[in-house]
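Before any comments, here is the structure.
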Amino acid sequence: MASPITSFSLRSGRWWGAASGRTMVVAGLLLCLVLILRPDRALAQEGADDDQQCMVCHSTPDLTMVLPSNEVLPLTVDPQVLVKSAHGTEAEEPVHCVDCHNNTTGYPHPPFAQPDFRSWQVQMSLVCGNCHEDQAVEQQDSMHSRHLAAGRIEAATCVDCHGSHDVSWANAEHPGVDRRQQVEACGRCHSVIADEYRESIHGQRLAEGNADVPACSTCHPAHQIEDPRSAEFRLKSPELCGQCHADAELMSRYDISTDVFDTYVADFHGTTVEIFESLAPNEYTNKAVCSDCHSAHRILPADDENSTVMKANLTRTCQRCHPDAEPSFSDSWMSHYRPSWEHFPLVTAVSWFYKILIPLTIGLFVAYIGLDAGRTWLDRARQRREWRRARRQRQQQKERKEP
């Protein structure tokens, strides 16, 4: 059985393709009725009634158009998909066809302005800023926008992440949001990174439906994506990890210590990174940040055999920065544990030795200085008394000698 209308030539305004007689007659009558009743506004008018007019043609199965680039552009829109989208009739403020396709007026439609499908997607993404002003402003300085401005047309636009007619909810508090879709959306361009994330402990837990683990936008805010290769992003990366790993309430749910962040900040690597971040945020430092040891996306538990920080793999990880490192080098790392009698008792004993020795030494010095100052004060007080006594005696002797 032949399919209904299969293509439409925008240049000539003619329908092409096979259609059953009944389908063609019905479609033609409906189209004529629309043009007779409202010829000046045709298929692109505001309101739900006008959406229905658009769908007279655009709900036709297999409706397509050949672009100047010889790409075949699908023109069929599934009404059910459109209704259930974030812009559909179930939304608080439904978006109508003309709100986005605001330059498509009358019939036949104006000539297609873009040479290929990608250029059309980029152009249509600009329309999103008419309603989503804040997000559009935030996106202007993002890496995606910078690449687009530089002519890299493959960089992500609004429709690449959110869809076009099937726009999904983005608010994490909305019951219809599935955070796993975010990984799928980013993975369309960043497939290798997405695969690494899925293998990580975070990705595994997200696949199980855990709402606590980070997804892509947790570290790379959706509309403010920075260049992760920059010195500034590198220096700030421990703070990104600290958003979760320094949260005592969140970590207590999984019996994970928050010491991992505090001990990092307290050691040589973390202290140096903090200094660089405060004094020279745009200068690169080779001091290790979290991702250097744990990796950025394929993060695994320390007891996983493939983990970069597992005991057997730790020396190899250290050798990325310290090529001469031997097993004894990595053995000195305390795995983010604070010294205790359970973990690293020798370090704990030395620590307590100094905790006692230093205050005791300082205390003895203070006592010695106090006693010495007291003795000096007493000696000087005694000398002053003796001096005054001698002066009185000399005065008395002088008075006796006088007639």
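Each reported figure results from applying straightforward, stated rules to the coordinates on display, with no laboratory input. Because the structure is predicted, anything quoted here is derived from the model rather than measured. Every residue, glycine as well, gets a Cβ built from its backbone with ideal geometry; the counts of neighbours run over all protein chains shown.
Reachable aspartates and glutamates from LYS287, Cα under 20 Å, same-chain residues fewer than 8 places away excluded?
The reachable aspartates and glutamates, counting only those whose Cα sits under 20 Å from LYS287, are ASP227, GLU232, GLU239, ASP259, ASP262, ASP267, GLU274, GLU277, ASP324, GLU326, ASP331.
In degrees, nearest 10, range 0 to 90: what is the angle between the Cα axis of helix 345-401 and the longest Cα principal axis of the chain?
On a 0 to 90 degree scale, this one is about 40.
Going by amide H atoms built from the backbone, whose H comes under 5 Å of the H on THR64, apart from near neighbours?
Those qualifying (amide H under 5 Å, at least 5 residues apart or on another chain) are SER7, PHE8, LEU75.
Modelled label-to-label distance, GLU386 and SER257, 7 Å Cα→beta-carbon offset: nm?
Calculated label separation equals 6.3 nm.
Using Cα-only point scatterers and the Debye equation, what is log10 of I(q)/I(0) for the chain at each q in 0.09 Å⁻¹, rounded to two decimals?
Those come out to -0.78, one per q.
Applying the Karplus parametrisation 6.51 cos²θ - 1.76 cosθ + 1.60 with θ = phi - 60° to the phi angles of region 326-338, what ³J(HN,Hα) value in whole Hz is obtained for each residue in order, glycine and proline being reported as x?
10, x, 5, 5, 6, 5, 6, 6, 9, 6, 6, 7, 7
About the Cα centre of the chain, how large is the charge dipole given +1 on each Lys and Arg Cβ and -1 on each Asp and Glu Cβ? Please answer in debye to the nearest 20.
Using Cβ point charges on Lys, Arg, Asp and Glu, the chain gives about 3420 debye.
Given H placed 1.01 Å from N in the peptide plane, which residues other than close sequence neighbours of ARG298 have an amide H under 5 Å from its amide H?
Here the answer is none, since no amide H 5 or more places off falls under 5 Å of that of ARG298.
For the chain, what does the relative contact order come out to in percent, with C-alpha contacts under 8 Å and a separation of six or more?
In percent, rounded to a whole number, it is 9.
Karplus couplings for region 155-166 from phi (6.51 cos²θ - 1.76 cosθ + 1.60, θ = phi - 60°), rounded to Hz, Gly and Pro as x?
Values per residue, Gly and Pro as x: 4, 5, 10, 4, 5, 5, 9, 9, x, 10, 8, 10 Hz.
Please work out whether region 92-189 counts as rounded, prolate or oblate from its C-alpha gyration tensor, where a ≥ b ≥ c are the square roots of the eigenvalues and a/c under 1.5 means rounded, while otherwise a/b larger than b/c means prolate and anything else oblate?
oblate
For the chain, take the longest principal axis of its alpha carbons; what is the angle in degrees between that and the long axis of helix 268-279, to the nearest 10 within 0 to 90?
The angle comes out near 70 degrees.
Calculate for the chain the 222 nm mean residue ellipticity that helices alone would give, adding -39,500 (n - 2.57) per DSSP H run of length 4 or more and normalising by residue count, nearest 500 deg cm²/dmol.
-15500 deg cm²/dmol
Taking the Cα atoms only, what angle lies between the long axis of helix 231-245 and the longest principal axis of the chain, rounded to 10 degrees?
Around 90 degrees separate the two axes.
Which residues make up the longest stretch of the chain that has no trypsin sites (Lys or Arg not before Pro) in a DSSP loop with at most 10 other Cβ atoms within 10 Å?
Longest stretch, sites excluded: 1-151.
Kindly provide the GluC sites (Glu not before Pro) of region 105-213 that DSSP labels as loop, not H, G, I, E or B, and whose Cβ sees at most 10 other Cβ atoms within 10 Å.
Loop-located and lightly packed - GLU173, GLU208.
Restricting attention to region 270-350, which chymotrypsin sites (Phe, Trp or Tyr not before Pro) occupy a DSSP loop and are surrounded by at most 16 other Cβ atoms within 10 Å?
Hits after loop and neighbour filter: TYR284, TRP333, TYR337, TRP341.
Could you tell me which of rounded, prolate or oblate describes region 120-159, using a ≥ b ≥ c as the square roots of the eigenvalues of the alpha-carbon gyration tensor, with rounded for a/c under 1.5 and, failing that, prolate when a/b is larger than b/c and oblate otherwise?
Oblate.
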